[in-house]
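S.K.: Below are the structure tokens for one structure; questions will follow.
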Amino acid sequence: MPLRAKVASSVSRTAAALSRAAGRGDGSVIGGWIGLKIDPDLLAHLSAGRAIALVSGTNGKTTTTRLTAAAVGVLGTVATNSFGANMPTGHTSALAKAGSTPYAVLEVDEHYLAQVMEATEPHVVALLNLSRDQLDRAKEVAMMAQLWRAALVRHPELHVVANADDPMVVWAATPPASHDHRITPPTVVWFSAGQRWHDDSWVCPECGSSIQRSGEQWWCSGCPLRRPQPHWVVEDDGVVDPTGAWHKVVLQLPGRVNLGNAATALAVAAEFGVRPVDAVSRLSGVTSVAGRYAQVDRDGRNIRLLLAKNPASWLEAFDMADHAPTLLSINARDPDGLDTSWLFDVDFGPLRGRQVLITGDRAYDLAVRLDVNDVPFQHVRSFDEAVRSVPAGRLEVIANYTAFQDIRAELDRVN
Ligand SMILES: [Zn+2]
């Protein structure tokens, strides 16, 4: 690395360490910020010589990044932004902290994908899904897909691993003028991770006609855009690879959505030459990811934490949660997005018949929504009150971002 980059990298590590020592979080944002101030090209310098995978999408990127890093770990040490700091400051800090590693797997905020691709020159980019998120500031889904598409067109050498079940992702991953899927561009490997949430992909991003669905298939009624044949699919409790071989996947993470994340991780690792048969056992070593899916025992209750940030991830959380007492907690602080009207995009009907408790800064928004949805609930003022209000056994907690962090703090920053 050039001297300036070496100095920037060293100062970045020091700043991050100071921030951690001062108890101000993990320091990855401030460390990266200072490093990039000293050398604006620091991320590019730190990326040089590493084989890099980027993982982006609205939901599942933190977990998929963790699973992918575990799978690529078959080959050697892997740098990764495991604290979920997924903007260039976080990437810079993660690479500076890791020192020299042959591989890196980085979670990337979908808005920053183009910029991070330019800086890191990745070997593989994984595109998971696109759905509505943070109504007051995130881009419209179709605009996001257009940005991805424009970025990918500039990198024809890239290996793209993309979700065949999300029409917006398929359109973004398919170069203009070749979205006739009888011809799959050789550089796109498709996986099927399922898509429970369809409400952001009823309209074709290419021609504006309606998207039709039947079973797992989807197609545009007005142009050739349709679901490509996936190379990697989830089947029963395992994953089928492109050769047709089935691999049993044992995860400590719940839900079919995480089997889809595992399929994605295996597909990305395969682009580095990792055989699924070698990687699959490493996936079961991933227990929880920054508190997501963590289980804590307290006063005879087994508390499980599920993070749900937007309508698509709420649907997945309802699917993952056991039929057990469930605490919902909603805040609308800056990292959550300030607009809670998305609550009306979610059908809370699956919670009927469970004991439902609500809390959080915006518990009353949740109360109105549940009342409209005919789901009985009880308001509690604190997490402790929630724990005392349910019988011994499982308590599922589903919370959005800062509400989740508050509860995680009450449980002593469970990982
Ligand atoms: Zn169309």
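The values are calculated or read from the model by the stated rules, or taken from the named source; none is laboratory data. Treat the numbers as computed from the prediction; the structure is a model and nothing was measured. Glycine gets a Cβ as well: all are built from the backbone with ideal geometry, and neighbour counts include every protein chain shown. Keep in mind that these areas ignore ligands, DNA and RNA; they rest on the heavy atoms of the full protein, side chains included. Shrake-Rupley method; radii C 1.70, N 1.55, O 1.52, S 1.80 Å.
S.K.: Counting just the residues of region 341-368 that are among the polar types (S, T, N, Q) and farther than 24 Å from residue 195 by Cβ, which one comes out most open to solvent (accessible area, probe 1.4 Å)?
M.R.: The selected residue is 355.
S.K.: Is it the case that residue 42 is surrounded by 20 or more Cβ atoms within 10 Å (Cβ to Cβ) and in contact with a His (Cβ under 9 Å, 6 or more places away or on another chain)?
M.R.: no
S.K.: Assuming residue 319 fulfils every condition listed in (1) within 29 Å of residue 26 (Cα to Cα); (2) open to solvent by 10 Å² or more (accessible area, probe 1.4 Å) apart from one, which condition is it?
M.R.: If we test residue 319 against (1) within 29 Å of residue 26 (Cα to Cα); (2) open to solvent by 10 Å² or more (accessible area, probe 1.4 Å), just (1) comes out false.
S.K.: Restricting attention to region 282-310, which residues are in contact with a Phe, Trp or Tyr (Cβ under 6 Å, 6 or more places away or on another chain) and surrounded by fewer than 23 Cβ atoms within 10 Å (Cβ to Cβ)?
M.R.: 309
S.K.: Quick one: would you say residue 242 is assigned to a loop (DSSP other than H, G, I, E, B), buried (at least 21 other Cβ atoms within 10 Å of the Cβ) and more than 16 Å from the ligand (Cβ to nearest atom)?
M.R.: Criteria not met by residue 242.
S.K.: Mind checking which residues of region 63-81 are surrounded by fewer than 20 Cβ atoms within 10 Å (Cβ to Cβ) and hydroxyl-bearing (Ser, Thr, Tyr)?
M.R.: 77
S.K.: Say whether the condition of being open to solvent by less than 70 Å² (accessible area, probe 1.4 Å), at pLDDT below 85 and within 15 Å of the ligand (Cβ to nearest atom) is met by at least one residue in region 183-196.
M.R.: no
S.K.: Here's another thing I want to ask about it. If you check residue 269 against the conditions, is it over 21 Å from residue 412 (Cβ atoms), open to solvent by less than 10 Å² (accessible area, probe 1.4 Å) and not assigned by the TED database to the domain that holds residue 192?
M.R.: no
S.K.: When you look at residue 250, is it in a loop (DSSP other than H, G, I, E, B) and under 17 Å from residue 69 (Cβ atoms), yes or no?
M.R.: In short, no.
S.K.: Can you tell me which residue in region 249-302 is nearest to residue 77 (Cα to Cα), limited to those that are basic (Lys, Arg) and touching a Leu at 6+ places or on another chain (Cβ under 8 Å)?
M.R.: For region 249-302, the residue satisfying everything is 292.
S.K.: Let me ask you something else. Which numbered condition in (1) outside any loop (DSSP other than H, G, I, E, B); (2) farther than 30 Å from residue 388 by Cβ is the only one that residue 273 fails?
M.R.: Failing condition for residue 273: (1).
S.K.: Just checking, which of 399, 392, 403, 367 is closer than 23 Å to residue 322 by Cβ, aliphatic (A, V, I, L, M) and more than 22 Å from the chain's Cα centre (by Cα)?
M.R.: Criteria check complete, one pass: 392.
S.K.: If you don't mind, another one. Got a number for residues in region 10-44 being touching a Gly at 6+ places or on another chain (Cβ under 8 Å) and either part of a loop (DSSP other than H, G, I, E, B) or outside the structural domain of residue 114 (by the TED database) (or both)?
M.R.: 0
S.K.: Restricting to region 204-233, give me the number of residues that are part of a loop (DSSP other than H, G, I, E, B) and either closer than 29 Å to residue 271 by Cα or away from the ligand (no atom under 14 Å from the Cβ) (or both).
M.R.: 11
S.K.: Need the failing condition index for residue 270 against (1) at pLDDT 95 or above; (2) touching a strand residue (DSSP E or B) at 6+ places or on another chain (Cβ under 7 Å), just the number.
M.R.: It fails just one condition, (2).
S.K.: Something else now. Could you list all residues from region 323-340 that are surrounded by fewer than 18 Cβ atoms within 10 Å (Cβ to Cβ) and not aliphatic (A, V, I, L, M)?
M.R.: Once the filter is applied, which keeps residues that are surrounded by fewer than 18 Cβ atoms within 10 Å (Cβ to Cβ) and not aliphatic (A, V, I, L, M), region 323-340 yields 323, 333, 334, 335, 339.
S.K.: Looking at region 211-222, I want the residues that are in contact (Cβ under 8 Å) with a residue 40 or more places away in the chain and have a partner that is β-branched (Val, Ile, Thr) with Cβ atoms under 8 Å, at least 6 apart or on another chain. Which pairs are those?
M.R.: 211/203; 218/211; 220/211
S.K.: Only one of 306, 366, 315, 343 is under 21 Å from residue 59 (Cβ atoms), among the aliphatic types (A, V, I, L, M), out of contact with any Gly (no Cβ under 6 Å at 6 or more places or on another chain) and modelled with pLDDT under 90; which?
M.R.: That would be 315, the only listed residue that is under 21 Å from residue 59 (Cβ atoms), among the aliphatic types (A, V, I, L, M), out of contact with any Gly (no Cβ under 6 Å at 6 or more places or on another chain) and modelled with pLDDT under 90.
S.K.: Before we move on, is residue 250 in contact (Cβ under 8 Å) with a residue 24 or more places away in the chain, of a type in the set (A, V, I, L, M, F, W, C) and open to solvent by 40 Å² or more (accessible area, probe 1.4 Å)?
M.R.: Against the criterion (in contact (Cβ under 8 Å) with a residue 24 or more places away in the chain, of a type in the set (A, V, I, L, M, F, W, C) and open to solvent by 40 Å² or more (accessible area, probe 1.4 Å)), residue 250 qualifies.
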